[in-house]
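One structure below.
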Amino acid sequence: MPARPRPSLARSIADFVAYLRGERRAAAHTVAAYERDLLQLSGFLTERLGHAPALGEVGKLELRAWLAELTRLHGTSSIARKLSSVRAFFKYTTREEPSRENPAEELATPRVRRPMPLVLGTDAAAQVMEAPTRGSPVGAAAPAGADDVRAAARASRDRLIVELLYGCGLRVHELAGLDTDALRLEAGHLAVTGKGRKDRRVPVGRACLSAYDDYVAQRSALCHPKTGAQDPRALLLSRHGRRLGVRQIQNLVKRYGAEGAGRGDLHPHALRHSCATHMLEGGADIRVIQEFLGHQSLSTTQRYTHLSIGRLLSVYDQSHPLAIAPRKTKR
């Protein structure tokens, strides 16, 4: 009986990517990152071995050689992410064929020091919320010129963007993907499709509802200047009537961070961090915040307890008797 042909590494990577897209329903950028890391490994081994490797040719020594190569080119956080991709891949291959050895099982993960995420104070966050419509005729009588109409529509759109990021704690990809029917006014919540295409319902506050009403009343002005074309489904539109993209949203947040809070480094996820931190400081239960943000693991949400330590120390200084009472000095 002829020997069973050994599966190639490239074929196994393609099967894994199809599994991520199909069964796991992973986000597109997550799938792309996994595929990129694994193809980098495949390229390294092809050069090292002198031929396209079979899956069975990838062992602990080969993976360690690849990691050694990575340390010359990448920081620990990038290496840790690539190692995570490799671990997930070999976990998949051993699940498909239990007799196969998992060469990634004993690889040590480099220690990554995660920087504390940027969190705005409540006053600074309020300034960012107001920055898009400061000096704009939003909510006033309709401006006379067409350019003014479009400018007012963009200002109301931008106000809604920062309100949704901070008030609802949305991820930037979730925000960019919102359709016009996402907000259920009668129920007072937003229908959001998050990571892994998982749906959740996010409550919407009064300020956000007000920004939404202002924007919807002016949304028709955001269309192609010559054809009048407009994406009928997308909630957030560019000045040419197309769905607003992630990069455009990031640039807008950076702009209003600089204008409103003097933070030119502000990014959409910082508003999400600020939302979670302020909810925690306001007394929200951490499991409520977990569901609100759409975190799969509670440990992801728990990092906000560390962000609030400054607030905790402040409350302690103001309320605990040992902090208030003057300390006796030793003689």
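Considering only residues in region 77-93 that are surrounded by 14 or more Cβ atoms within 10 Å (Cβ to Cβ) and polar (S, T, N, Q), the one that is nearest to Thr109 (Cα to Cα) turns out to be Ser84. Collect the residues in region 171-222 that are assigned to a loop (DSSP other than H, G, I, E, B) and touching a helix residue (DSSP H, G or I) at 6+ places or on another chain (Cβ under 9 Å), keeping them in residue-number order. Arg171, Leu178, Thr180, Leu185, Gly188, Gly194, Val204, Gly205, Leu222, listed by residue number. Asp231 meets all of the listed conditions (1) outside any loop (DSSP other than H, G, I, E, B); (2) closer than 27 Å to Ala28 by Cβ; (3) in contact (Cβ under 8 Å) with a residue 12 or more places away in the chain but one, namely (1). Glu62 falls short on exactly one of the conditions (1) in a helix (DSSP H, G or I); (2) in contact with a Leu (Cβ under 8 Å, 6 or more places away or on another chain); (3) under 30 Å from Arg197 (Cα atoms); (4) touching a residue at least 40 places away in the same chain (Cβ under 8 Å), and that condition is (3).
The condition (being at pLDDT 90 or above, assigned to a helix (DSSP H, G or I) and either surrounded by 16 or more Cβ atoms within 10 Å (Cβ to Cβ) or assigned by TED's automatic domain parsing to the domain that holds Ala131 (or both)) is satisfied by just one residue among Gly310, Gly260: Gly260. Return yes or no: is Ser99 within 23 Å of the chain's Cα centre (by Cα) and either at pLDDT 90 or above or within 25 Å of Asp15 (Cα to Cα) (or both)? Criteria not met by Ser99. Pairs, please: C-beta under 8 Å, at least 6 apart or cross-chain, first residue free of Cβ contacts under 8 Å to residues at least 24 places away in the same chain and in region 149-170, second surrounded by 24 or more Cβ atoms within 10 Å (Cβ to Cβ)? Sorted first by the residue in region 149-170, then by its partner, the pairs are Ala155/Pro132. Only one entry of Thr122, Thr109 meets the criterion of being under 30 Å from Ala176 (Cα atoms), surrounded by fewer than 15 Cβ atoms within 10 Å (Cβ to Cβ) and touching a residue at least 24 places away in the same chain (Cβ under 8 Å), and that entry is Thr122.
Pairs are defined by a Cβ separation below 9 Å, a sequence spacing of at least 6 or placement on different chains, a first member in region 183-198 that is in the same structural domain as Leu164 (by TED's automatic domain parsing) and within 17 Å of Ala211 (Cα to Cα), and a second member that is aromatic (Phe, Trp, Tyr) and modelled with pLDDT of 80 or more; the pairs so defined are Leu183/Tyr212; Leu185/Tyr212. Taken together, the residues in region 6-54 that are among the charged types (D, E, K, R), surrounded by 18 or more Cβ atoms within 10 Å (Cβ to Cβ) and touching an Asp or Glu at 6+ places or on another chain (Cβ under 8 Å) amount to 0. Among the residues of region 200-230, those identified as buried (at least 19 other Cβ atoms within 10 Å of the Cβ) and either within 19 Å of Glu174 (Cα to Cα) or of a type in the set (D, E, K, R) (or both) are Val202, Val204, Cys208, Ala211, Tyr212, Asp214, Tyr215, Arg219.
The values are calculated or read from the model by the stated rules, or taken from the named source; none is laboratory data. Remember, it's a predicted structure, so these values are computed and weren't measured experimentally. As a convention, Cβ positions derive from the backbone with ideal geometry for all residues, glycine included, and neighbour counts pool all protein chains shown.
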